[in-house]
Each structure stands twice: as structure tokens, then as C-alpha cells.
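The values are calculated or read from the model by the stated rules, or taken from the named source; none is laboratory data. Note that the coordinates shown come from a computational prediction; the quantities given were computed from them, not determined experimentally. Glycine gets a Cβ as well: all are built from the backbone with ideal geometry, and neighbour counts include every protein chain shown. Surface areas here come from the heavy atoms of the whole protein model, side chains and all, with no ligands, DNA or RNA. Shrake-Rupley method; radii C 1.70, N 1.55, O 1.52, S 1.80 Å.
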Amino acid sequence: HFWAPTFKWVISIANVADFSKPPEKISYPQQIAVTCTGLIWSRYSMVIIPKNWNLFSVNVAMAGTGLYQLTRKIKHDYFSETEAAVAKE
């Protein structure tokens, strides 16, 4: 039960590497899946015995990076247009 969560860190690292990606290239379905996976499995990792702290930490990281990417995408899609319209007036 060590290698699966350890290899899962690659997903979080890839998400961190995508922080420099333009927001218009971020995928809603992908980031929703990463966030939900992180939230669900974080909870599950605290229920199983013995507790798997590596599984917990990687899923917290997945949820955090997914939420950050979703925030960037939502700000770009819904709030940058409003600010641009106000600036033109």
C-alpha cells in the first residue's frame, strides 16, 4: 500500500507544473475530477485502519491543486470579462 499513493504524487506535481499554464487551457472536467478524487480519498484514508498518511497527504495535495486550478479558471472565465467591461467605461 505504499507505491500507489507514492506514484499518485505525479498527478499533484503535474498540476503544480500547470500553474503557469494560461487559464483558458485549463479543463473543468479534469480539475473537477482531480479535486473530487482528492476530497473523497482524503476522507477514506482517515477511515481505513491502519491510517495511510501518505495516501492522505497526496489526496489533500490533489484537492488543493485542483481547487486552485478551478479558482484560476473560474476567475478567468467569469470575472475577468466583468473587470474588462468596467475598465472600458
Close pairs from the stretch 10-34: first under 14 Å from Ile74 (Cα atoms), partner in a helix (DSSP H, G or I) and small (Gly, Ala, Ser), Cβ under 6 Å, at least 6 apart:
Gln31/Gly66
Residue hits (the stretch 40-64; closer than 17 Å to Thr6 by Cβ and touching a helix residue (DSSP H, G or I) at 6+ places or on another chain (Cβ under 6 Å)) are Trp41, Ser42, Ser45, Asn52, Asn54, Leu55, Phe56, Val58, Asn59, Val60, Ala61, Met62
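Any chance the stretch 65-73 includes a residue that's closer than 20 Å to Thr6 by Cβ, modelled with pLDDT of 90 or more and either surrounded by 14 or more Cβ atoms within 10 Å (Cβ to Cβ) or not hydrophobic (A, V, I, L, M, F, W, C) (or both)? Give the steps one after another, and end with the answer.
Of the stretch 65-73, the ones closer than 20 Å to Thr6 by Cβ are 65-66.
So of that shortlist, the ones also modelled with pLDDT of 90 or more come out as 65-66.
Keeping just the survivors that are either surrounded by 14 or more Cβ atoms within 10 Å (Cβ to Cβ) or not hydrophobic (A, V, I, L, M, F, W, C) (or both) gives 65-66.
Scanning the stretch 65-73 turns up at least one residue that is closer than 20 Å to Thr6 by Cβ, modelled with pLDDT of 90 or more and either surrounded by 14 or more Cβ atoms within 10 Å (Cβ to Cβ) or not hydrophobic (A, V, I, L, M, F, W, C) (or both).
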Scope the stretch 26-39; condition in contact with a helix residue (DSSP H, G or I) (Cβ under 7 Å, 6 or more places away or on another chain) and within 18 Å of Ser57 (Cβ to Cβ); matching residues:
Val34, Thr35, Thr37, Gly38, Leu39
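Report, by residue number, each residue of the stretch 46-56 that is touching a residue at least 24 places away in the same chain (Cβ under 8 Å) and either open to solvent by 40 Å² or more (accessible area, probe 1.4 Å) or assigned to a helix (DSSP H, G or I) (or both).
Asn54, Leu55, listed by residue number.
Here's the yes/no breakdown for (1) under 13 Å from Gly64 (Cα atoms); (2) open to solvent by less than 80 Å² (accessible area, probe 1.4 Å); (3) touching a Pro at 6+ places or on another chain (Cβ under 9 Å); (4) modelled with pLDDT under 95:
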| position | (1), (2), (3), (4) |
| --- | --- |
| Phe2 | no, no, no, yes |
| Thr6 | no, yes, no, yes |
| Asn15 | yes, yes, no, yes |
| Phe19 | yes, yes, no, yes |
| Ser27 | no, yes, no, yes |
